[in-house]
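Working notes, beginning with the structure itself.
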Amino acid sequence: MLSANLSAIFYLISGVLFILALRGLSSPETSRQGNFFGILGMIIAVTVTFLSIGNFSTGFVVVLIFLLIGGLIGAFIAYKIPMTAMPELVAGFHSLVGLAAVFVAIAAFLNPEAFNLGSPGNIKLGSLIEMSIGAAVGAITFSGSIIAFLKLQGIMSGSPITFKGQHPLNALILISIIVITYFLCSTQSANLFWILLAISFLIGFLLIIPIGGADMPVVISMLNSYSGWAAAGIGFTLENTALIITGALVGSSGAILSYIMCKGMNRSFFNVILGGFGATEQSSSSQNKEQRPVKSGNADDAAFLMKNASSVIIVPGYGMAVAQAQHALREMVDTLKKNDIKVSYAIHPVAGRMPGHMNVLLAEANVPYDEVFELEEINNDFANADVAFVIGANDVTNPVAKTDPQSPIYGMPVLDVEKCKSVLFVKRSLSPGYAGIDNDLFYKENTLMLFADAKKMTEDITKNL
Amino acid sequence: MVKKSSFFPVFIAIFLLFLVGAFAPESFMNHFTVFVLSCFIGYMVIWNVTASLHTPLMSVTNAISSVIIVGAIIAGLAGNSENIFNTSSIFGFLAISLAAINIFGGFLVTQRMLAMYKKKKKDK
């Protein structure tokens with residue numbers, strides 16, 4: 001059996017390894033090593049836990065069996081999942097962290113002796129508060145992530161669900177969570193603990209249903225943050241350094257990603273959380289639609305334009321992921337490069353359904369990461385480029401964000417696609433994007449619309465090049 | 001403008017910290033120190049993560065937050081020798097499986113993603 005001091009040191013080491021794991025992600029070269037540090041930290045934490053308990057009887061075997069079952073399922077998912085489904089996968093994983101936190105809190109509540117927290121009905125006040133916070137946040141993470149998962153998977157409609165009195169109801173539930181926690185701490189009543197869990201599940205559900213599909217990058221980052229805070233809450237209960245450090249790291253990581261995503265849309269965090277975006281604006285902007293002339297073309301025209309270009313910038317968006325067009329796109333780019341045409345990729349911070357979604361898909365299609373640029377890095381290059389090839393992106397290219405203060409997306413940083421000599425816009429129809437706003441770019445003189453499935457169109461262009 | 005708006009949150013933060021210091025038990029303070037400093041480390045480290053790796057960042061944070069398995073193992077092993085399946089340890093066992101899905105799934109899918117990030121070949 002490991003002494004308390006030694007195990008504390010090992011937990012600290014694994015916390016430090018987790019910091020190094022995140023540190024490694026600062027560049028693709030060091031990232032693989034970072035992931036290795038993470039795995040090492042996890043192995044240390046688990047091994048130390050076994051050694052410090054020092055119970056290697058039947059229970060140990062059962063634990064290993066459950067560990068193995070989970071591990072096999074996890075490994076199976078990790079190898080099978082297509083890269084386009086990463087947002088769903090991450091949302092699903094968040095829900096599991098949340099539920100695991102809830103289960104650990106329940107176990108600690110039912111059997112506090114095992115965790116040195118006192119006895120049932122007489123749990124130390126501090127521990128009970130920490131436990132309640134961990135359990136509540138875990139439950140919110142769980143039900144919120146399930147909704148996010150269902151929305152991303154398309155099982156549930158991506159459009160926001162709003163009803164009258166939504167915000168007062170949410171506020172009421174949040175207040176009652178605090179009140180119940182207070183009474184739970186003074187009475188130690190098990191019933192109150194279950195009620196606390198139930199309404200936390202409910203509020204997680206209610207918080208996410210009004211948020212629309214395009215805001216998913218923020219939601220996923222936010223749930224990532226919650227899963228961290230839940231882990232930290234449990235870490236305080238267990239007085240475990242590795243858990244506290246990790247919870248804080250993950251919590252702040254998710255918070256920063258949410259911030260970056262909100263900034264990418266020029267919206268405040270509360271604006272996104274309060275939800276309903278995309279449902280209300282559609283009516284106001286749809287009247288002047290359909291009347292303006294649009295130039296549309298076919299693969300032949302597009303190939304002609306690109307063949308005569310000397311530089312092409314590709315703007316991918318969620319539509320590329322839906323159509324699974326990343327490989328076809330790479331083949332098209334290869335052909336362009338053979339003709340000595342300079343090609344680069346421009347990625348908007350909120351393109352796709354989660355932070356960095358497009359980068360992963362392009363990496364999957366063997367696009368070297370040094371050809372892929374962020375908004376600030378590449379935005380000035382559009383003026384000098386001959387062709388912009390917009391595939392599956394929409395709102396992030398809408399010049400209205402710069403010109404029309406009335407527009408709901410006014411002020412959002414957008415890619416200056418319209419400055420290119422010509423714009424090729426692959427899209428299935430003229431329908432507005434998730435924000436529900438008509439895109440002025442469709443009607444510009446130098447825009448050629450290519451109405452087709454993104455993958456099919458890209459393949460056809462390649463044939464014609 | 002930035003200075004004006006950041007003054008208020010800082011003030012609130014100091015006030016909250018004061019409340020914690022005034023009412024929390026002593027053992028809590030050590031952990032709380034670790035927690036607050038870790039938040040700052042997280043803040044510094046995450047800003048250095050390149051935007052193109054944000055998806056792997058999420059999957060790896062997912063995996064490491066499943067270190068909550070530590071609590072699950074303690075709960076799972078807490079049953080007495082006659083009956084290892086009491087209610088508390090069953091929740092522990094279930095949590096072990098859930099966390100294990102995340103740990104294995106999270107690290108492996110991160111590995112898979114990171115293996116795809118390649119630099120331009122020079123000989124071309």
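What follows draws every value from the coordinates through simple rules; no lab data is involved. Quick caveat: nothing in here was measured; it's all calculated off a predicted structure. In this analysis, Cβ positions are derived from the backbone assuming ideal geometry, glycine residues included, and neighbour counts consider all displayed protein chains.
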Highest average packing first - A:93-101, A:54-62, Cβ atoms within 10 Å = A:93-101, A:54-62
task = For peptide A:81-90, compute the average count of partner chain beta-carbon atoms within 10 Å of each residue's beta-carbon.
result = 3
inquiry  = At R0 = 25 Å, how high is the FRET efficiency between A:ILE73 and A:TRP194 if r is their beta carbon distance? Nearest 0.05 is fine.
reply    = 0.35
key: Dimensionless Rg ratio for segment A:1-94, taking C-alpha atoms and the 2.2 N^0.38 Å reference   = 1.31
inquiry  = Report the Cα centroid-to-centroid distance between segment A:203-274 and segment A:384-447 in angstrom, as an integer.
reply    = 30
task = Return a whole-number percent for the relative contact order of segment A:334-444, with Cα pairs under 8 Å and 6 or more residues apart as the contact set.
result = 24
Label zone at A:SER119 (point 7 Å along Cα-to-Cβ), backbone N below 18 Å, segment A:172-198 = A:187-190
remark   = Rg (one decimal) and Dmax (whole number) from the Cα set of segment A:343-465, in Å, equal 14.1, 43
key: Label point distance in nm, A:THR162-A:ASN366, each placed 7 Å from Cα along Cα→Cβ   = 4.7
remark   = For the B:PHE85, B:LYS119 Cβ pair and Förster radius 51 Å, calculated FRET efficiency rounded to 0.05 is 0.45
Order by protection proxy (mean Cβ within 10 Å, highest first), peptides A:451-462, A:213-224 = A:213-224, A:451-462
ask   = Taking the alpha-carbon set of segment B:45-119, what are its Rg and Dmax in Å?
value = 16.8, 58
ask   = Which whole-number percent is the relative contact order of segment B:1-107 (Cα, under 8 Å, 6+ apart)?
value = 23
query = So which chymotrypsin sites (Phe, Trp or Tyr not before Pro) in segment A:128-184 end up in coil per DSSP with only 15 or fewer other C-beta atoms within 10 Å?
reply = A:PHE163
ask   = Just counting partner chain Cβ atoms within 10 Å, what average do the residues of peptide A:124-131 show around their Cβ?
value = 2
query = PRE reach from B:LEU37 (point 7 Å along Cα→Cβ): which of segment B:52-81 fall under 13 Å by backbone N?
reply = none
request  = Give the angle, between 0 and 90 degrees and rounded to the nearest 10, that separates the Cα long axis of helix A:216-238 from the longest principal axis of the Cα atoms of chain A.
outcome  = 10
key: Between segment A:146-193 and segment A:307-353, the alpha-carbon center distance in angstrom   = 42
query = What percent antiparallel are the DSSP beta bridges of chain A, to the nearest 5?
reply = 10
query = What does the charge dipole of chain A about its Cα centre add up to, to the nearest 20 debye, if the Cβ of each Lys and Arg holds +1 and the Cβ of each Asp and Glu holds -1?
reply = 480
message = With +1 on the Cβ of every Lys and Arg and -1 on the Cβ of every Asp and Glu, and nothing else charged, how large is the dipole of segment A:357-427 about its Cα centre, in debye rounded to the nearest 20?
response = 340
task = Neighbouring Cβ atoms within 10 Å as the yardstick, rank B:TYR117, A:TYR11 fewest first.
result = B:TYR117, A:TYR11
query = For A:ILE178 and B:VAL10, what does the FRET efficiency come to when R0 = 22 Å and r is the distance between their Cβ atoms, rounded to the nearest 0.05?
reply = 0.35
inquiry  = Name the residue from A:ALA454, A:LEU430, A:ALA385 whose Cα lies farthest towards the positive end of the charge dipole of segment A:362-460, charges +1 on Cβ of Lys and Arg and -1 on Cβ of Asp and Glu.
reply    = A:LEU430
query = What does the convex hull of the alpha-carbon atoms of segment A:184-230 project to on average, in nm²?
reply = 3.9
query = If packing is taken as the mean number of other Cβ atoms within 10 Å per residue, what is the order of A:324-334, B:39-49, highest first?
reply = A:324-334, B:39-49
ask   = Modelled label-to-label distance, A:ASN266 and A:GLU374, 7 Å Cα→beta-carbon offset: nm?
value = 1.9
inquiry  = Need one value for A:362-375: mean number of C-beta atoms belonging to other chains within 10 Å of its residues' C-beta atoms.
reply    = 4
